[in-house]
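Taking it in order: structure first as structure tokens, then the write-up.
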């Protein structure tokens, strides 16, 4: 496998992991993708595509979710080590 293909695979794995964290946080809060998108000024269609892996997530999308859903605090509360974050 080429380095480029490995980079793409690694990126896809990280996006998938982040999407799972976002979905878990939304479920834990009892919030729908639609209401979360509306509350945070996000495009619901694009957010849905990101969470399904249909479009590439930007770093901005990751940081936005970490801030709005307090993902770092949730991971720390779950006992996740800093290296896993």
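The values are calculated or read from the model by the stated rules, or taken from the named source; none is laboratory data. Quick caveat, the model's predicted, so the values are computed rather than measured. Note: ideal-geometry Cβ built from the backbone for every residue, glycine included; neighbour counts use all protein chains shown.
Taken over the stretch 32-63, the criterion of being surrounded by fewer than 14 Cβ atoms within 10 Å (Cβ to Cβ) and in a loop (DSSP other than H, G, I, E, B) is satisfied by 32, 40, 41, 43, 53, 54, 56, 58.
Matching residues to (1) out of contact with any helix residue (DSSP H, G or I) (no Cβ under 7 Å at 6 or more places or on another chain); (2) modelled with pLDDT of 95 or more:
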| residue | (1), (2) |
| --- | --- |
| 6 | yes, yes |
| 11 | yes, no |
| 15 | yes, yes |
| 19 | no, yes |
| 22 | no, yes |
| 25 | no, yes |
| 30 | yes, yes |
| 36 | no, yes |
